[in-house]
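Worksheet: one structure, shown below.
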Amino acid sequence: MNISEVAAASGLPAKTIRYYEDIDLVHPARSANGYRAFSERDAHMLAFLGRARSLGFSIEECRTLLSLYEDRARASADVKKVAIEHLDRIARKIGELQAMQATLETLVTQCHGDGRPDCPILDDLAGLEGHKA
């Protein structure tokens, strides 16, 4: 398969596929004229990477997951460990986003949103909360 065919088969853009090749996640064969020649296995690996990235796994985590996927003697506990660590990071990020949401909701509620110049949102951003500018 050429790059456009493997892009269609994997659901990834050609630019992403080239990037994955540049960082040694995939290793397509090269034909005599230098063009990439992707196999069904390459397409499968690219789809695997696309799914892992859509779940938010980092490139290094994807590298680890690919290695584990290819190692038929792996322990599922090793795979689960990677997923749990990622899940923990997601939970922390959700907590951070909820805290940001609560802060912004409070600031929006405090702002009159009228023709007056005073604005609790700007005061908070400037570190002047509770002070009049």
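The values are calculated or read from the model by the stated rules, or taken from the named source; none is laboratory data. Note that the structure is a prediction, hence the values are computed from the model and not measured. Counting neighbours? That spans all protein chains shown, and the Cβs are built from the backbone with ideal geometry, glycine included.
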Has segment 53-61 got any residue that is at positive phi, in the same structural domain as Tyr19 (by TED's automatic domain parsing) and of a type outside the set (Asp, Glu)?
yes
Please state which one of Asp78, Asp124 is at pLDDT 95 or above, assigned to a helix (DSSP H, G or I) and either assigned by TED's automatic domain parsing to the domain that holds Lys15 or surrounded by 13 or more Cβ atoms within 10 Å (Cβ to Cβ) (or both).
Asp78
Filter result (out of contact with any strand residue (DSSP E or B) (no Cβ under 6 Å at 6 or more places or on another chain), surrounded by 12 or more Cβ atoms within 10 Å (Cβ to Cβ) and either in contact (Cβ under 8 Å) with a residue 60 or more places away in the chain or farther than 17 Å from Leu65 by Cβ (or both)) within segment 20-34:
Glu21
So for segment 82-90 (the condition being modelled with pLDDT of 95 or more and either in the same structural domain as Met1 (by TED's automatic domain parsing) or closer than 30 Å to Gly127 by Cα (or both)), does at least one residue qualify?
yes
Scan segment 99-115 and give yes if some residue there is farther than 30 Å from Asp42 by Cβ, part of a loop (DSSP other than H, G, I, E, B), charged (D, E, K, R) and touching a residue at least 12 places away in the same chain (Cβ under 8 Å), otherwise no.
no
Go through the residues of segment 25-44 one by one and say whether even a single one is out of contact with any helix residue (DSSP H, G or I) (no Cβ under 8 Å at 6 or more places or on another chain), over 30 Å from Glu5 (Cβ atoms) and not charged (D, E, K, R).
no
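Is it the case that segment 63-75 has a residue that's more than 22 Å from Met45 (Cβ to Cβ), surrounded by 10 or more Cβ atoms within 10 Å (Cβ to Cβ), β-branched (Val, Ile, Thr) and free of Cβ contacts under 8 Å to residues at least 40 places away in the same chain?
no
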